[in-house]
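Chemist: One structure is given below, represented as C-alpha cells, and several questions about it will come after.
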Amino acid sequence: MIYLDHNATTPPAPGVVQAMLATMTDVWGNASSQHAQGQQAKRALAAARATVARVLGCKPSEVIFTSGATEANHLAVLGLHSAVKEAGRQRIVFSAVEHAGHLALARALMAQGVPVDFIGVHADGTLDLDSAAGLIGPDVALVSVMAANNETGVLMPVDEVRALAHAAGARMHVDATQLVGKAPFDFARLGADAVSLSAHKLRGPKGIGALLLRQGVALTPQVQGSQERRRRGGTENLPAIAGFAAALEDLGDVAAAAVRIAQLRDALEQGLQRALPGVHVFSAQAPRVAGTSYLRFGPLAAEVALQRMAQLGVSASSGAACSSGGSEPSHVLTAMGVPRDEALGAVRLSLGEATTARDIEYLLAALPLLLAPLLDNYAAQAA
Ligand code: PMP
C-alpha cells in the first residue's frame, strides 16, 4: 500500500503512540485535582505544553489546546471578533480558499449579519494582495488567512497580509494547519495574533490541536471553564496532548525533509507528464509546500483516476474530498477560475515523511499503463 494522502491525515510517529500509551496507563489523573494523581497530571501537562511552545516558537502561556484546527479556527474567529467592541469595526476578512469548515463558519457569521469579505486568488492559486489591500480597512476587526492551502499546497503571503491587517488596526489569524511540519515555523517570527494547528497533520493523534494566542491579545472564550487559563474549558485531553508534543519533538529537520519530499513531488509530476498526455498540474509555478501535488489527467474524472490508483494500492483523494460523492467542484479551484469540468478531474497526491523514491517509481511505472488506454479513448472520440 502506498499512502499519498498526507494532507488529509498522517500515520502516527512511533514515539507518539508510546507517549500516549504511557500517559493513559500511568498519568490518568485530572490535572485540576489537588491530590497526588492530579499533581502528576498537572506536571505532565506543563511538560507537554513547554515542548509544544519550544518547538513552535511561542511561550507556554500562549498555547491553548483545542480538539483540533477546526475548533482552533472557530475560537480564533469568534473569540477575537467578539473581543473587538468598536461598533464601526466589525468586518471579518477571510481568503476565498480557506478550509471548508472555516468557510462554513464565515457563511454562518454572514447569516447572522456579520459583515464578511473574501480575498480572491489568482489563476495559479496565490493570494491576490491587491484584493487584500482593497478589503482591509479601518472597519475590519479581523483578517483570517491560511498559511498553506490544503488542496493546492500554495503558500500564502501571510507576512504581507499581517502587515496590512496590523496597519489597519485589525487582528490577524493564520490557519497554519498545512504548514507546520512541512516547512519551518516560528510563531514569534510570524507576528500573527493567533495561529491554528492540528496534531494529526504532523504525525500526532487526531482530536487535538492548538490555538497559539499572542500574549496580551484579548479573546472571548467559546467554551467556558477554568482550564487553559479560562480560554478553553474542559478537562485537558492529556494522552492526546502528550502525543501532540511527542509528534512535534519528533519533527526533526523539517527544512531538510522538505527538500527531499519536494524532489519526490517534482519527480512524480514530471514523470506523469512525460508518460501521459494532458497531465495538468494546478499551481505548478506557485510557491508550494513540499509534498502537495494537485493535478488532472486530461479529461478523466477524478473518481476514475482514483479508482485506478486504488487498484494499484495507492491512496489519494480528489480535490473535492470534503464533498465526496464528487458532484461539486473544489471551491479552491473555482476561486482560481478553473472551469467546472476541469475541476472535477482534480486529484490530490500528498507525500509525507514516509514516502520513498520506490513509492514514486512504482506509481510512475504502473499508473500510466492503466490510464493511457483511457486517455487514448478520449482522444479517439474527440478526433
Ligand atoms: N484547516 C486546514 C487548512 C486543514 O487542512 C484542516 C484539516 N483538513 C483543518 C483546518 C481542520 O483540522 P482538524 O481536522 O484538526 O479539525
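A quick yes/no check of all residues on (1) over 21 Å from residue 199 (Cβ atoms); (2) within 16 Å of the ligand (Cβ to nearest atom):
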position: 80; (1), (2): yes, no
position: 148; (1), (2): no, yes
position: 161; (1), (2): yes, yes
position: 180; (1), (2): no, yes
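Chemist: What do you reckon, is residue 113 in a loop (DSSP other than H, G, I, E, B) and either assigned by TED's automatic domain parsing to the domain that holds residue 339 or within 16 Å of the ligand (Cβ to nearest atom) (or both)?
Modeler: Criteria not met by residue 113.
Chemist: Could you please tell me which pairs satisfy a Cβ distance under 7 Å, a separation of 6+ or placement on different chains, a first residue in segment 340-352 that is surrounded by fewer than 24 Cβ atoms within 10 Å (Cβ to Cβ), and a second residue that is of a type in the set (S, T, N, Q)?
Modeler: 343/330; 343/334; 347/318; 352/10
Chemist: Regarding residue 70, is this residue within 16 Å of the ligand (Cβ to nearest atom) and either modelled with pLDDT of 95 or more or part of a helix (DSSP H, G or I) (or both)?
Modeler: The answer is yes for residue 70.
Chemist: Can you tell which of 57, 38, 15 is surrounded by fewer than 18 Cβ atoms within 10 Å (Cβ to Cβ), more than 28 Å from the chain's Cα centre (by Cα) and away from the ligand (no atom under 16 Å from the Cβ)?
Modeler: Result: 38 is the single residue among 57, 38, 15 that is surrounded by fewer than 18 Cβ atoms within 10 Å (Cβ to Cβ), more than 28 Å from the chain's Cα centre (by Cα) and away from the ligand (no atom under 16 Å from the Cβ).
Chemist: Might you check whether a residue that is part of a loop (DSSP other than H, G, I, E, B) and polar (S, T, N, Q) occurs anywhere in segment 42-65?
Modeler: No, segment 42-65 contains no residue that is part of a loop (DSSP other than H, G, I, E, B) and polar (S, T, N, Q).
Chemist: Also, quick follow-up: Only one residue in 194, 188, 165, 183 is crowded, with 24+ Cβ neighbours inside 10 Å and under 30 Å from residue 15 (Cα atoms). Which one?
Modeler: Of 194, 188, 165, 183, the one residue that is crowded, with 24+ Cβ neighbours inside 10 Å and under 30 Å from residue 15 (Cα atoms) is 194.
Chemist: Only residues that are within 13 Å of the ligand (Cβ to nearest atom) and in a loop (DSSP other than H, G, I, E, B): list them for segment 182-200, please.
Modeler: 182
Chemist: Now for a different question. May I ask you to verify whether residue 267 is under 19 Å from the mean Cα position of the chain (by Cα) and of a type in the set (Gly, Ala, Ser)?
Modeler: Considered against the rule, which asks whether it is under 19 Å from the mean Cα position of the chain (by Cα) and of a type in the set (Gly, Ala, Ser), residue 267 comes out as no.
Chemist: Could you say which residue among 83, 87, 96, 100 is over 25 Å from residue 238 (Cα atoms), touching a Gly at 6+ places or on another chain (Cβ under 7 Å) and surrounded by fewer than 22 Cβ atoms within 10 Å (Cβ to Cβ)?
Modeler: Sole residue among the options that is over 25 Å from residue 238 (Cα atoms), touching a Gly at 6+ places or on another chain (Cβ under 7 Å) and surrounded by fewer than 22 Cβ atoms within 10 Å (Cβ to Cβ): 96.
Chemist: Restricting to segment 201-230, give me the number of residues that are assigned to a strand (DSSP E or B) and under 14 Å from the mean Cα position of the chain (by Cα).
Modeler: Here the count works out to 3.
Residues checked against (1) within 30 Å of residue 189 (Cα to Cα); (2) not charged (D, E, K, R):
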{"residue": "203", "(1), (2)": "yes, no"}
{"residue": "212", "(1), (2)": "yes, yes"}
{"residue": "230", "(1), (2)": "yes, no"}
{"residue": "235", "(1), (2)": "no, yes"}
{"residue": "240", "(1), (2)": "yes, yes"}
{"residue": "249", "(1), (2)": "yes, no"}
{"residue": "260", "(1), (2)": "yes, no"}
{"residue": "264", "(1), (2)": "yes, yes"}
{"residue": "286", "(1), (2)": "yes, yes"}
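Chemist: OK, next. What number of residues in segment 79-110 are in contact (Cβ under 8 Å) with a residue 60 or more places away in the chain and either of a type in the set (Ser, Thr, Tyr) or touching a Pro at 6+ places or on another chain (Cβ under 8 Å) (or both)?
Modeler: Qualifying residue count, segment 79-110: 4.
Chemist: Yes or no: segment 360-379 includes at least one residue that is surrounded by fewer than 22 Cβ atoms within 10 Å (Cβ to Cβ) and within 20 Å of the chain's Cα centre (by Cα).
Modeler: no
Chemist: Of the residues that make up segment 217-238, is at least one hydroxyl-bearing (Ser, Thr, Tyr), in contact with a helix residue (DSSP H, G or I) (Cβ under 6 Å, 6 or more places away or on another chain) and more than 16 Å from the ligand (Cβ to nearest atom)?
Modeler: Within segment 217-238 (the criterion being hydroxyl-bearing (Ser, Thr, Tyr), in contact with a helix residue (DSSP H, G or I) (Cβ under 6 Å, 6 or more places away or on another chain) and more than 16 Å from the ligand (Cβ to nearest atom)), the answer is yes, since at least one residue qualifies.
The values are calculated or read from the model by the stated rules, or taken from the named source; none is laboratory data. Here the structure is a predicted model, which is why all the values come from computation and not from measurement. FYI the Cβ positions are ideal-geometry reconstructions off the backbone, even for glycines, and counts take in every protein chain you see.
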